[in-house]
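Student: Dumping the structure here so I can ask a few things about it.
The values are calculated or read from the model by the stated rules, or taken from the named source; none is laboratory data. All values derive from a computational prediction rather than experimental measurement. For neighbour counting, all protein chains shown are included, and Cβ atoms are generated from backbone atoms with ideal geometry for every residue, glycine included. Quick note on the areas: whole protein, heavy atoms, side chains included, nothing else; ligands and nucleic acids left out. Shrake-Rupley method; radii C 1.70, N 1.55, O 1.52, S 1.80 Å.
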Amino acid sequence: DPERAEPYNITTNTDKVNAGGKVSMKVKAHPIYNGNNPVKAGQKYKVYVNGTQHGGGWLAEDYNMWDITVNSDTRFDVVYFYDATLTAPQNVSVNVPQGYSLTDIKEGSDLKFTVTAPDNKDMTVKVRINGAEAMADETGIFTLENIQANAKVDVSVVPVNGATLNNDDLGTIDTGEVAGITDVKLDGEIAEETFAVVRENFSGLENIDL
């Protein structure tokens, strides 16, 4: 892909290379490309030659020079890898199925994860991926297909109307989602600063059981 790599020497003809010849390539996302002004600065990538990852060695690391010996038709691919930034309260756990990850996700692959709800069953979980609310499939897996950029995953907990909440619960709720709640019950000792969360954010509250 000429958008991602080019010959180290711009006069090199990569269409015709004698068998056993060597071609040097440079990656446009490499930090030193274009006088330290790379394409997609900070982008993580790996280089593959005919489908096999190519480390490149110190020349690639220091000088952005990827030497390839050509014995047949050769494909030089720069593949991007992305991360998912996760935000979740302490009473929720996020896990990934075997074979998946929240980091170093190969472009075109899928982001998959599961969410374990809080122990308090009066609290529900909401998941947003890149700002859009996401729903799990029938097995409880959330998926972002064909990832082509870094992703942002936000997990929040919201009490149901009439929920019984303790001090710890109130410290983890998404205060932007509670305006429509009219009834809650507070359980146990509630710290003053935590009670302020109720006072300042539950704008629709009509009944509170202390």
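Student: Please give me, ordered by residue number, the GluC sites (Glu not before Pro) of segment 69-171 that lie in loop per DSSP and have at most 16 other Cβ atoms within 10 Å. Display every interim value, and only then the final one.
Tutor: Details: sites: GLU107, GLU133, GLU138, GLU145; in loops: GLU107, GLU138, GLU145.
Hits after loop and neighbour filter: GLU107, GLU138, GLU145.
Student: Along Cα→Cβ, 7 Å out, is where each label goes; now give me the distance between the ones at GLN90 and GLU61 in nm to one decimal.
Tutor: Here the modelled spin labels are 3.9 nm apart.
Student: Go through segment 144-151 residue by residue and turn each phi into a ³J(HN,Hα) via Karplus (6.51, -1.76, 1.60, θ = phi - 60°); whole Hz please, and just put x for glycine and proline.
Tutor: 10, 7, 6, 5, 10, 6, 4, 10
Student: Protein chains only, probe 1.4 Å: how do SER72, SER203 rank by accessible area, largest first? Mind showing how you got there, number by number?
Tutor: Numbers: SER72 70, SER203 95 Å².
Greatest to least solvent exposure: SER203, SER72.
Student: Report the full-extension gain for the segment VAL39 to ALA196: residue separation times 0.36 nm, less the Cα-Cα distance, to one decimal in nm.
Tutor: Values: separation 157, 0.36 × 157 = 56.52 nm, distance 4.76 nm.
So the extension gain works out to 51.8 nm.
Student: Sticking with this structure for a sec: Grab the DSSP H runs of the chain that are 4 residues or longer, score each as -39,500 (n - 2.57), total them, divide by all residues and round the 222 nm result to the nearest 500 deg cm²/dmol.
Tutor: Using -39500 (n - 2.57) per qualifying helix, the result is -3000 deg cm²/dmol.
Student: In the calculated pair distance distribution of segment 1-88, what percentage of Cα-Cα distances lie above 22 Å?
Tutor: Numbers: 1017 of 3828 pairs.
In whole percent, the long-distance tail amounts to 27.
Student: Rank LYS40, LYS16, LYS152 by mean-square fluctuation in a GNM of the chain with C-alpha springs under 10 angstrom and give only the top-ranked residue.
Tutor: Looking only at LYS40, LYS16, LYS152, the largest GNM fluctuation is found for LYS16.
Student: Which one, GLY108, GLY99, GLY176, has the greatest fluctuation when you compute a Gaussian network model over the chain with C-alpha springs under 10 angstrom?
Tutor: Ranking GLY108, GLY99, GLY176 by mean-square fluctuation puts GLY99 first.
Student: Where does each of ILE32, ILE68 land when they are ordered by accessible area, with a 1.4 Å probe and the largest first?
Tutor: Values: ILE32 70, ILE68 15 Å².
The ranking, largest first, comes out as ILE32, ILE68.
Student: Share of antiparallel DSSP beta bridges in the chain, in percent to the nearest 5? Intermediate values should be presented prior to the final figure.
Tutor: On the way: 35 of 46 bridges.
Of the beta bridges lying entirely in the chain, close to 75 percent run antiparallel.
Student: Cross-link list LYS121/LYS185; LYS46/LYS126; LYS28/LYS112: which exceed 24 angstrom alpha carbon to alpha carbon? Could you put the intermediate results ahead of the total?
Tutor: Working: LYS121/LYS185 14 Å; LYS46/LYS126 34 Å; LYS28/LYS112 29 Å.
Those over the limit are LYS46/LYS126; LYS28/LYS112.
Student: Would you tell me the accessible area of MET135, worked out with a 1.4 angstrom probe on the heavy atoms of the protein chains, in Å² to the nearest 10?
Tutor: Approximately 150 Å² for this residue.
Student: A follow-up question, please. Taking a 1.4 Å probe, which of ILE147, ILE141 shows the most accessible area, and what order do the others take after it? Each step should come with its number before you reach the end.
Tutor: Details: ILE147 5, ILE141 40 Å².
Listed by decreasing accessible area, they come as ILE141, ILE147.
Student: Another one. For the chain, modelled as a Gaussian network with Cα springs under 10 Å, which listed residue fluctuates most, ILE129, ILE105, ILE181?
Tutor: ILE181
Student: How much accessible surface does LEU165 have with a 1.4 Å probe, in Å² rounded to 10?
Tutor: It works out to around 0 Å².
Student: With the convex hull built on the Cα atoms of the chain, state its orientation-averaged projected area in nm². Walk me through the numbers before you get to the answer.
Tutor: Working: hull surface 65.4 nm².
Across all orientations, the chain yields a mean hull projection of 16.3 nm².
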